[in-house]
Amino acid sequence: MLISTLELKLIKKALFINMKKILITLTLLALVVSSCKEKSEKLDTLTETNVLESSADNEKATTNENQFNTTALTQQFSKLDGSTISFQEILDNNKGKNILIDVWASWCPDCIKAIPSIQTIKTNFPEVAFINLSLDKTTEAWKEGIEKYNISGEHYFLGDDKRMKSDFGQAIELNWIPRYIVVNKQGEIALFNATEKNLTEIADLLNNLK
């Protein structure tokens, strides 16, 4: 069967239109694929960033019972002369020594009851650095408490109204005072969580750390 010139033109036109539609479809498909790929890459990047940020936050907040975390180390305390010092600096100033940290407050009955026993430990271990961290409500109460109960050692004041619920309190998992922490000469936490019920254990540990 012979195809007329008109029919041939119509066929070519139809083929051209179909090819054009196919090209448009392929172009749109390519754009969709490219867009999906770009979104996927952005999602991967965001996911990776979130993971890294989450990891950094966890490192900052997570308590390691062998080392103090960043939140604890960067906490600022007031000194008796009114100047400030970070917890990291307090530890650095006593580098190479065994350290007994006493978290206390003059309004705390159990803290006051434990003072004679703690003073005995201080007398028996004069080479140990004794660091007193106060959760008192005011500097006046803090200083009066030191004088009233004749507390020896280094003295620092937290000055955070949240006290046990402060960032520092949470960093050391503080839920009771008095709270005692022993740090060895290598700067490692040898005893992380002790109270007035563990004073004999503290003395034995300091004796072993000599």
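The values are calculated or read from the model by the stated rules, or taken from the named source; none is laboratory data. Quantities reported herein were computed from a predicted structural model and do not represent experimental measurements. No Cβ is skipped: glycine too gets one built from the backbone with ideal geometry, and neighbour counts run over all protein chains shown. Accessible surface is based on the protein model in full, side chains and every heavy atom, while ligands, DNA and RNA are left aside. Shrake-Rupley method; radii C 1.70, N 1.55, O 1.52, S 1.80 Å.
So the values come out like this:
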| read-out | value |
| --- | --- |
| Subset of segment 183-210 [part of a loop (DSSP other than H, G, I, E, B), charged (D, E, K, R) and touching a Leu at 6+ places or on another chain (Cβ under 8 Å)] | Lys185 |
| Strands (runs of 3 or more DSSP E) contained entirely in segment 81-182, each with at least 1 residues that are open to solvent by less than 50 Å² (accessible area, probe 1.4 Å), within 23 Å of Lys210 (Cβ to Cβ) and of a type in the set (Asp, Glu) | 99-104 |
| Test: residue in segment 55-70 that is at pLDDT 60 or above and more than 25 Å from the chain's Cα centre (by Cα) | no |
